[in-house]
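Taking it in order: structure first as structure tokens, then the write-up.
The values are calculated or read from the model by the stated rules, or taken from the named source; none is laboratory data. Fair warning: this is a prediction, and the values are worked out from it, not measured in the lab. Cβ placement follows ideal geometry from the backbone for every residue including glycine, while neighbour counts extend to all protein chains displayed.
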Amino acid sequence: MADFDQELDASGLNCPLPILRAKKALAALSEGQVLHIIATDPGSVKDFEAFAKQTGNELVESREEGGKFHFMMKKH
Amino acid sequence: MSEKKLAIIATKGSLDWAYPPFILASTAAALGYKVEIFCTFYGLQLLRKKMDLKVTSLGNPGMPMPMPMPVLLQALPGMQSMMSLMMKQKMKSKGVASLEELRGLCIEAEVKLVACQMTVDLFDFNTSDFIDGIEYGGAATFFEFAGESDITLFV
């Protein structure tokens with residue numbers, strides 16, 4: 001697993017909370033830093049792709065592990 | 001990236017229908033949109049200090065029920081409050097945000113909330129019934145923002 005600067009556990013939260021929490025967490029990071037997001041909402045897989053595309057942040061990694069979804073979002 | 005704009009008209013004042021405007025507005029704001037919600041008629045409930053919104057199955061055959069129930073039974077006193085409570089509990093158990101939380105996130109993200117002055121007067125509401133920081137205006141006010149928006153939605 002790649003390195004990250006901060007972790008956000010959005011487990012149990014449903015749409016649109018994981019995205020909103022991630023947006024807030026990213027705002028506190030500097031450019032180039034990576035946010036590790038953990039979510040259980042299956043809709044978050046497509047949503048984080050869409051979020052990255054529209055905000056210009058880079059979705060470095062997206063994978064499922066142990067019933068949870070893990071995302072690495074690099075702030076741009 | 002140039003700033004996109006989303007204009008929403010919120011006309012419904014039930015627990016279920018209050019979600020789409022707040023979910024879309026808060027998400028759009030997180031994506032960098034400038035957002036305005038124009039609340040008119042029953043949508044004014046979204047701006048009240050205490051949002052005590054209810055859900056009803058009456059006239060809504062599409063609402064999934066925990067058990068089959070004749071329509072006449074659904075109309076009994078107390079049923080609406082009970083269903084609203086059950087819906088809120090279900091939402092909580094599924095990790096769905098409360099309306100208060102979503103509204104707070106909208107305000108935090110500087111979503112502009114506008115109350116339709118005509119319907120405020122029509123229903124004899126007072127500005128003290130509503131949260132602070134909102135604006136009051138009419139149809140022309142809506143078009144000032146909507147006219148230059150990329151997306152406009154009527155909910």
Go through the residues of the range B:110-131 one by one and say whether even a single one is touching a residue at least 24 places away in the same chain (Cβ under 8 Å), within 30 Å of residue A:42 (Cα to Cα), among the small types (Gly, Ala, Ser) and surrounded by 16 or more Cβ atoms within 10 Å (Cβ to Cβ). no
Which of the residues spanning the range B:1-23 are within 20 Å of residue B:85 (Cα to Cα) and in a loop (DSSP other than H, G, I, E, B)? B:12, B:13, B:14, B:15, B:16, B:17, B:18
Applying the selection to the range B:22-39, what residues are within 14 Å of chain A (Cβ to nearest Cβ) and among the hydrophobic types (A, V, I, L, M, F, W, C)? B:22, B:23, B:24, B:25, B:28, B:29, B:30, B:31, B:35
Name the residues in the range B:95-129 that are under 13 Å from the mean Cα position of the chain (by Cα) and among the acidic types (Asp, Glu), would you? B:100, B:101
Kindly provide the set of residues from the range A:21-45 that are part of a helix (DSSP H, G or I) and either away from chain B (no Cβ under 13 Å) or buried (at least 20 other Cβ atoms within 10 Å of the Cβ) (or both), ordered by number. A:22, A:23, A:26, A:44, A:45
Of the residues that make up the range A:3-14, is at least one more than 12 Å from the chain's Cα centre (by Cα), at pLDDT below 95, among the charged types (D, E, K, R) and surrounded by fewer than 18 Cβ atoms within 10 Å (Cβ to Cβ)? yes
Confirm whether residue B:19 is crowded, with 17+ Cβ neighbours inside 10 Å, within 14 Å of chain A (Cβ to nearest Cβ) and either farther than 20 Å from residue B:110 by Cβ or under 8 Å from the mean Cα position of the chain (by Cα) (or both). yes
Can you give me the number of residues within the range A:56-76 that are assigned to a loop (DSSP other than H, G, I, E, B) and surrounded by 15 or more Cβ atoms within 10 Å (Cβ to Cβ)? 2
The condition of being touching a residue at least 40 places away in the same chain (Cβ under 8 Å), more than 14 Å from chain A (Cβ to nearest Cβ), out of contact with any strand residue (DSSP E or B) (no Cβ under 8 Å at 6 or more places or on another chain) and of a type in the set (Gly, Ala, Ser) holds, among B:84, B:149, only for B:84
